[in-house]
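Asks: Questions regarding the structure given below will be posed in turn.
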Amino acid sequence: ENAANGQIDAGADVIYHAAGLSGQGVIKAAAAHKVWAIGVDSDQYEQSALSAYKDYILTSALKNVSGAVYDLTKSVLKDHKPLSGEVRGSLDNGGVGLSDTNPVFKNNADLQAALKKAEQGIKDGTIKVNAS
């Protein structure tokens, strides 16, 4: 929360954290200063623990953990060929994405167009991403 307050005091108008529910101090600070927060791991807009701040949670960066667990379970129980090795979630395979439950985020045509353009650039390689 203190780090977020410092970033906001320095002029940030959007704060992102990479701490799951432990990042609620960042979201609390964003709400106190009336700037946007971006959650992570699950749709933090819908988490009851953060309901007092939800109007300031623009979106959340998501990892499709449930899909990966399902694929692994299916490979063992149904296919009898357990998956192994490294599996990377990406935009192409649906392994990562953004939540769209906040209507302000979902209904902002300019923002959605910019995101679609960025997603396409990442997929076609015109925007380089360090995936390490």
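Asks: Can you tell me which of GLY67, GLY11, GLY6 is without any contact (Cβ under 8 Å) to a residue 60 or more places away in the chain, assigned to a helix (DSSP H, G or I) and more than 29 Å from GLY125 (Cα to Cα)?
Replies: Answer to the selection: GLY6.
Asks: Give the residue, chosen from ALA19, ALA37, that is modelled with pLDDT under 95, within 17 Å of the chain's Cα centre (by Cα) and among the aliphatic types (A, V, I, L, M).
Replies: Step by step, each of ALA19, ALA37 is checked, and only ALA19 is modelled with pLDDT under 95, within 17 Å of the chain's Cα centre (by Cα) and among the aliphatic types (A, V, I, L, M).
Asks: Sticking with this structure for a sec: So which residues in the range 93-103 are of a type outside the set (Asp, Glu), without any contact (Cβ under 8 Å) to a residue 60 or more places away in the chain and surrounded by 14 or more Cβ atoms within 10 Å (Cβ to Cβ)?
Replies: Hits for the range 93-103 are GLY95, VAL96, GLY97, LEU98, THR101, ASN102.
Asks: Another question, if that's okay. Can you give me the number of residues within the range 44-64 that are crowded, with 17+ Cβ neighbours inside 10 Å and part of a loop (DSSP other than H, G, I, E, B)?
Replies: Qualifying residue count for the region: 1.
Asks: Now a separate question. Of the residues in the range 70-92, how many are without any contact (Cβ under 8 Å) to a residue 40 or more places away in the chain and either of a type in the set (Gly, Ala, Ser) or assigned to a loop (DSSP other than H, G, I, E, B) (or both)?
Replies: Qualifying residue count, the range 70-92: 14.
The values are calculated or read from the model by the stated rules, or taken from the named source; none is laboratory data. Computed from a predicted structure; not experimentally measured. Note that each Cβ is placed from the backbone with ideal geometry, even for glycine, and that neighbours are counted across all protein chains shown.
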